[in-house]
Each structure stands twice: as C-alpha cells, then as structure tokens.
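Presented below is the structure to which this report refers.
The values are calculated or read from the model by the stated rules, or taken from the named source; none is laboratory data. The structure displayed is predicted, hence computed values, not measured ones. Glycine gets a Cβ as well: all are built from the backbone with ideal geometry, and neighbour counts include every protein chain shown.
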C-alpha cells in the first residue's frame, strides 16, 4: 500500500488578504525584451520593403548568373542578405514572371 505524505493538520492558516494601503501594493515592472536580429543580418535591412530598384537589380543578377546554387544569392543585391534575395526571388519575382508568361500564352 502506498505511503501517504505527512501533511500538517494545522487550522491556523489564514487566507491572503491584500494590503489596504496603495503604497504597499506595488506591481512589478515588466519589460519586454527587444527582438534579436538573426545572425549574419544587419538590422536595418531585415524589415524594410523591397524597392523597385532592388527588384530590378535582383532580376538582372538572376538573368546574368542563374538562380541555382547558394553562392549566387550572396552578392545579388547590395544591402540584402543571401536569404532575403532568395526569398524575394522565390516568393515575389518568380511567381510574377510565371503569371505574366501564362497570360501572354493565352493571347
């Protein structure tokens, strides 16, 4: 048979009552931590939207060097990381170009 823990059987415990004075009732100051920037990236380029010039520069770079390989994206756009350039190509430019080609075929 399992052993039961020994618990005190005192009835002198009182429930918590808040202090009536507002000076004694202080709340802790909670500070939210600042978001960390990913390693390898600079903070100003992390969240800014892509400009038309940057998209044009990325398009020209891909037309000249191709879109295959990891090293291709490193020098694609000045001020942008390789990952940002790759994602901009995969999520914005390539789908736009595919849609433009598809609509052109229908004519």
Under 7 Å between Cβ atoms, at least 6 apart or on separate chains: pull out the pairs that start in region 75-98 with a residue that is on the phi > 0 side of the Ramachandran plot and end on any residue that is surrounded by 13 or more Cβ atoms within 10 Å (Cβ to Cβ). 79/45
For the subset of region 43-59 comprising residues that are modelled with pLDDT under 90 and loosely packed, with under 10 Cβ neighbours inside 10 Å, which member is nearest to residue 97 (Cα to Cα)? 47
